[in-house]
Structure formats: C-alpha cells, structure tokens
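Data block below; observations after.
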Amino acid sequence: MQSIRTVLRSLRQSVWLLLFTAVACSSDKRTVLTVYSPHGKELLEFMELGFERANPGIDVQWVDMGSQEVLERIRAEKTNPQADVWFGAPAEAFDRATREQLLEPYTPTWAASIDAEGKDAGNNWYGTYLTPEVIAYNTAAVSKEDAPKDWDDVLDPKWKGKVLIRDPIASGTMRAIFGAIMARAIAQTGNPEAGYEWLRKLDGQTREYVLNPTILYQKLGRQQGVITLWDMPDIATLKQRVGIPVDYIIPGSGTPMLVDGIAIVKGSKHPKEARLYYEYVTTPLAFSDAAEKFLRIPARTDLDVNKMPEWIREAKARIKPMPVDRQLMAQHLDEWMKYWDANIRNRSRK
C-alpha cells in the first residue's frame, strides 16, 4: 500500500505536468493569419519567414492549392471565412470572386504603379506577377527545331498521345489557356464552336489529364508525355533549379499574359494583419526576391526592368500578349469548362 507521502508526490508531479502542458500549449500567442495560395511551398515559405521576422506577433499559416480550388473554397466558406488573404490566381478568377462579393476592397500603397488591366476598378484585387503561358517540351525527347512553335502546332498528328495536360477543372492556369483559345475563336468566328473543336482536337492528342503540377513535372521529366501547355515561370524553374530536361517556346501568334493577383478575403477575421501581409509581399524588395529566386515577373510598373534578371528582360522583348476579353472570360469561362468536361474530355481519342 502506497504511503501518503508517495501519493502526494505523485499528485504534485501530475499537477506540474498539467501546468507545464498548459503553458506550452499557450506559449504561442501570435495572431494566426491564413493565406490561400497556388504559389507553391518554396515561395510561400520564403514570404512567410520574411514576414514573420518583420512582424513577430503574427503566425502565417498558408494552404497551397490550385487557384480554382481556392475560389471554390472561399465561395464555400462565404458565411464563415477561414482565410484572410488570397495570394495568387489569374485575373479572371479574381473577377469572378469580385462579382460574387467574396473580396474586401483594399487600395495598396503602390496602387498608382500598376496598369489598368492589372487591377480591379473597385480595388477588390491588384496584380502581383505577370505570367505568360507557353508550350513546354522535354528536351531529351524533342529538339528545339522540332518543338511546336504555336498553339495550333500542338495539334499536329506527330504529337498524338504525347501531350500532357494539367486537369483544367482545378487549374487556374489551364482554365486561362482554354479560355483564351475559346475567346480567340469567338473573336474570329462570332461563336464558340470553333473553340470547342480546337479543344476536341487537343483532347485527341492528350495522353493524360494529370491531377496536379507535381505529377505533371514528374511525367514530363520521365517522358511519359513530352509536350505540355503551362506557365513560363514554372517551366523556367524546372529548367534552371530542378534540373528536369525541359524548355519552352513562346507561341508566335501570341500568348495569354495572365495577371496573377492578390486580395483580402471578405469577412477576414484579421484584416489589419491581412493588409500588412498584402503590403509585405508586394514591396520592391519582395518583387526582386520573387524574380531572382522564384522566376516571377513583377506586375508593378515602377520597378527598373534593367535591374531584373536577364531572362525576364528577354522574355518581355519576345512576348506578344494575346488579346483576352476579361469580361467575356468572367461571364462564360465556367460555362465553357462545364461543356468541355461533359462533352469533350477523354472523348476524342482513337
């Protein structure tokens, strides 16, 4: 039978353990700022660490997902918002969120240093990066001379079964490319049928619709498909930093030059902290870091292009932006994608 002293000692140890646990659990009293973003672990971690050093009372917690997934999640959480900042998505996604009143207007300190097409007229979102869409290829399997030089070249029969496409339903990048093809067809013919026919031909060329960018990069590197359509910064990163044998072609007829944006979520529980983060990731230094370390092209017009990396200067000189009607995209992109998913996906292969 235990002595009273032993019982008391055991009780004291239990109390101290409970107190220690309680103190440990409550030691981090920082304000949690939640960021939804498709920008990827490396860039998000870099921004998180720098911001937290400058703002030690704030704990940035980010969720990395496709931009279309971000939109759907913010839409689903409208009555009880869980995110504070939406960092990254094509303009058309932000335009749709604006129409649905999912964003909180905010005018950043640098608002005058952005082109009109790089922001929302009501200040619901502002552009951060310019993202040209390109044709990418595995350089171990395809020579530069033989690689497709324009969008229509991807439909050449020699690429049948060799094209990889990121699933466009969840991808803002692919939705933007598909939307640009549809908008081009409507501008040329007055109706969407020619656009659907182009996507039907692409479906016939497609080996696989992959679930996420990581799988896309892996399969492209392994030659499980040697051609894809994707954004230039990510392909440049794979080439320069990851060592995957890839390169890209800027389409000769023009390419969608996506404006990647940032916004504060309407109903954010931490609007003050959200504004601080918004400003931090859009400073000249943050843009310089994004350009040097993550191969992003800044959208701000007040930054000296001569101080940017050489690849950005060269790309800007070569890129021919494809005219895209943002209002048309915002009104009809969901409709086009639903039609593609129901009537074209995986139906054209023989």
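Observations
- Any hit, the stretch 204-221, residues being in contact (Cβ under 8 Å) with a residue 40 or more places away in the chain, surrounded by fewer than 22 Cβ atoms within 10 Å (Cβ to Cβ) and among the aromatic types (F, W, Y): yes
- Of the residues examined, T206 is not one that is within 20 Å of A91 (Cβ to Cβ), at pLDDT 95 or above and touching a Gly at 6+ places or on another chain (Cβ under 9 Å).
- Matching residues, the stretch 225-236, being part of a loop (DSSP other than H, G, I, E, B) and in contact with an Asp or Glu (Cβ under 8 Å, 6 or more places away or on another chain): G225
- Inter-residue pairs, beta-carbon under 8 Å, first in the same structural domain as T228 (by TED's automatic domain parsing) and in the stretch 138-165, second among the acidic types (D, E), 6+ apart: T139/D247; K144/D247; A147/D247; P148/D156; L164/E208; I165/E208
- Subset of the stretch 87-146 [among the β-branched types (V, I, T), assigned to a loop (DSSP other than H, G, I, E, B) and closer than 19 Å to R296 by Cα]: I114
- Set G172, G190, G161: member being at positive phi and at pLDDT below 95: G190
- Being in the same structural domain as A187 (by TED's automatic domain parsing) and in contact with a Phe, Trp or Tyr (Cβ under 9 Å, 6 or more places away or on another chain) is a property that does not hold for I264.
- Residue within the stretch 333-345 that is modelled with pLDDT under 95, closer than 26 Å to F87 by Cβ and outside the structural domain of A54 (by TED's automatic domain parsing) present: yes
- Condition check for P251 on (1) surrounded by fewer than 18 Cβ atoms within 10 Å (Cβ to Cβ); (2) in a loop (DSSP other than H, G, I, E, B): one failure, at (1).
- Selection count where residues are among the polar types (S, T, N, Q), on the phi < 0 side of the Ramachandran plot and surrounded by fewer than 22 Cβ atoms within 10 Å (Cβ to Cβ), scope the stretch 116-143: 2
- When K239 is tested against the conditions (1) part of a loop (DSSP other than H, G, I, E, B); (2) without any contact (Cβ under 8 Å) to a residue 12 or more places away in the chain; (3) surrounded by 16 or more Cβ atoms within 10 Å (Cβ to Cβ), the lone failure is (1).
- Filtered residue count, the stretch 74-115, keeping only those that are surrounded by 18 or more Cβ atoms within 10 Å (Cβ to Cβ) and either among the basic types (K, R) or outside the structural domain of V265 (by TED's automatic domain parsing) (or both): 1
- Any hit, the stretch 254-269, residues being surrounded by fewer than 17 Cβ atoms within 10 Å (Cβ to Cβ) and either of a type in the set (S, T, N, Q) or within 22 Å of S113 (Cα to Cα) (or both): no
- Inside the stretch 58-86, residues that are of a type in the set (D, E), touching a residue at least 24 places away in the same chain (Cβ under 8 Å) and outside any strand (DSSP E or B) make up a count of 2.
- Those residues of the stretch 290-332 which are free of Cβ contacts under 8 Å to residues at least 24 places away in the same chain and buried (at least 19 other Cβ atoms within 10 Å of the Cβ), in sequence order: A291, I312
- Matching option when the condition is closer than 26 Å to W86 by Cβ and at pLDDT below 85, among R326, R349, R296, R300: R326
- Any hit, the stretch 176-185, residues being in the same structural domain as D247 (by TED's automatic domain parsing) and assigned to a loop (DSSP other than H, G, I, E, B): no
- Only residues that are over 16 Å from A111 (Cβ atoms), aliphatic (A, V, I, L, M) and crowded, with 20+ Cβ neighbours inside 10 Å were counted in the stretch 270-289, giving 1.
The values are calculated or read from the model by the stated rules, or taken from the named source; none is laboratory data. Just so it is clear, the structure is predicted and the values come from calculations on it, not from any experiment. A quick note on method: Cβ atoms are made from the backbone with ideal geometry, for glycine too, and the neighbour counts reach across all protein chains shown.
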